[in-house]
1. Any idea what the relative contact order of the range 169-242 is, in percent, if you count C-alpha pairs under 8 Å spaced at least 6 apart?
2. Which value in deg cm²/dmol, rounded to the nearest 500, describes the helix-derived mean residue ellipticity at 222 nm for the chain, given -39,500 (n - 2.57) per DSSP H run of n ≥ 4 and division by the residue count?
3. For each of 226, 24, count neighbouring Cβ atoms within 10 Å of the residue's Cβ, then give the residues from fewest to most.
4. Beyond 22 Å, what share of the Cα-Cα pairs of the range 285-365 is found? Please give it as a whole percent.
5. Taking 10 °C and 1.306 mPa s as the conditions, I'd like the Stokes-Einstein D for the range 203-264 in µm²/s, using the Kirkwood hydrodynamic radius from alpha carbon pairs.
6. Restricting to the chain, what percent of DSSP beta bridges are antiparallel, rounded to 5?
7. Can you put 278, 125, 353, 438 in order, fewest other beta carbons within 10 Å first?
8. How would you rank 59, 66, 248, going from fewest to most other Cβ atoms within 10 Å of each one's own Cβ?
């Protein structure tokens, strides 16, 4: 089967209601927390992507029983110290930075060396940023050029630490939280604002964690967890990062309307909504409610006739870090020059996304000016593409692929887009939904 998607025409007007896949961040965290739970956990709408399946395979290697069927997934946890460690265990995080980094914190008490490996893309990413604080707990970690493969060996006599997380990395913060939950005494984190799914699950499970919020940082205190309750009948809401592609496609399409059901709109994740609203996109939340610490809603979006450029405040960056590529497409059709700054963290993802965002826009005929941490996008409200475009990154980045598909459907032209298989890591049903909207 070809790994290329060919698109030869713009999408027609549509009016649809869709469901997108379960939230990936919550799916991976549910697997990890449940594996340390005291008893049976059950989740519905678990995202069965390669990243989440890698997390399931990881806990199975640590002696945790997992059952998956068409309706739900069940994990039988043995408690916070219930892993069955063996010598020569290798955990393959594949493409998942969330899994690779978070599980390091969980392995802080492993009595034997455990090897963590990943695919070519993940192996290039910086793991020293989490290895350094975990070493202060007492773990022994050996990296390969700051990345994977690495080995980690825990310590029976872990020491609590004080940690400054000043990049806005939820993965690093979460890994230290997991380590703190396994360490006697009080550990403290001063964390730059970022996604807070781990903290919300800790609070929902009534774990020994305290959080004090300041303007730019969260002050987090963690103590050792003697017991972790199972996460039973957990219905994972849909992923706003997956929904973002269809929000933007609807905004850029003529006379179209879309309702996305039961989406996680955690305030630390909706930077894209705030940004797009400022740019003139017509978005509303319907049926808003609280669910196990998270906030969910149906998202209604309509075609946008006039899009405005934005000088995007940096305070929204951590809330939209995974969505900037798709936001850039709105800027491409906006009236004026949009400016996004302090977004160097984009290059800590599966590929150098800032570079690739600029490259896609340039191929579309949009002028950009980029630095290592910023991009200016010179919008063209009359943009129409009447040429062939080939997107071949060799980087297997799902967001590069999906952003390119949305660009092709929104602006026209003839596109050959490589790396179709990349969507298996995070959003296997993406093209199925696209095909439904094109009917």
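No value in this document is a laboratory result; all are computed from the given coordinates. Predicted, not measured: the structure shown is a model, and the values here were computed from it. All Cβ positions, glycine included, derive from the backbone under ideal geometry; neighbour counts span all protein chains shown.
1. Numbers: 87 pairs, mean separation 25.3, N = 74.
Relative contact order comes out at 34 percent.
2. On the way: 13 runs with 132 residues, N = 439.
It lands at -9000 deg cm²/dmol.
3. On the way: 226 12, 24 23.
The fewest-first ordering by Cβ neighbours comes to 226, 24.
4. Numbers: 1275 of 3240 pairs.
Beyond 22 Å sits 39 percent of the P(r) for the range 285-365.
5. Working: Rh = 15.7 Å.
The diffusion coefficient I find is 101 µm²/s.
6. Numbers: 56 of 78 bridges.
Antiparallel bridges make up about 70 percent of those DSSP assigns within the chain.
7. Working: 278 15, 125 20, 353 24, 438 12.
Ordered from fewest to most neighbouring Cβ atoms within 10 Å, 278, 125, 353, 438 come out as 438, 278, 125, 353.
8. 66, 59, 248
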